[in-house]
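Everything on this sheet refers to the single structure shown next.
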Amino acid sequence: MVHDPAAAAEGDILVTRTLDPRLALRLPHLSGLVSETGSVLSHLAILAREFHVPTVVAVHDALDRFPVGAELIVDGDTGEVEPVEPEAAEVIHVDE
């Protein structure tokens, strides 16, 4: 898991503050996307669905909750972001 889009390697999960349209070029290479802001109807969230990249938006303090290197499970259908090691952080569920 990374915070810097430029550092995202093939298969990484990107945790970011905003759904910047410039991230569109990175989408095909990501295995997940988590954003502190945004809407499920934003252009980037829609593109992520088209690329089958699980995406969860509006996750309060995601950058602080999920440090670089953490392993996450991102479920775009339920809006849940879960650390692989549950004791590392709590399960975050975003109500729509």
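So the values come out like this:
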item: Probe 1.4 Å, accessible area per residue of the chain, Å²; result: 58 Å²
item: Whole-percent carbon and sulfur share, accessible surface of the range 4-64, 1.4 Å; result: 58 percent
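The values are calculated or read from the model by the stated rules, or taken from the named source; none is laboratory data. What you are looking at is a predicted structure, and each value in this text was computed from that prediction instead of being measured. Side chains are part of the model used for accessible areas, which takes the heavy atoms of the whole protein and leaves out ligands, DNA and RNA. Shrake-Rupley method; radii C 1.70, N 1.55, O 1.52, S 1.80 Å.
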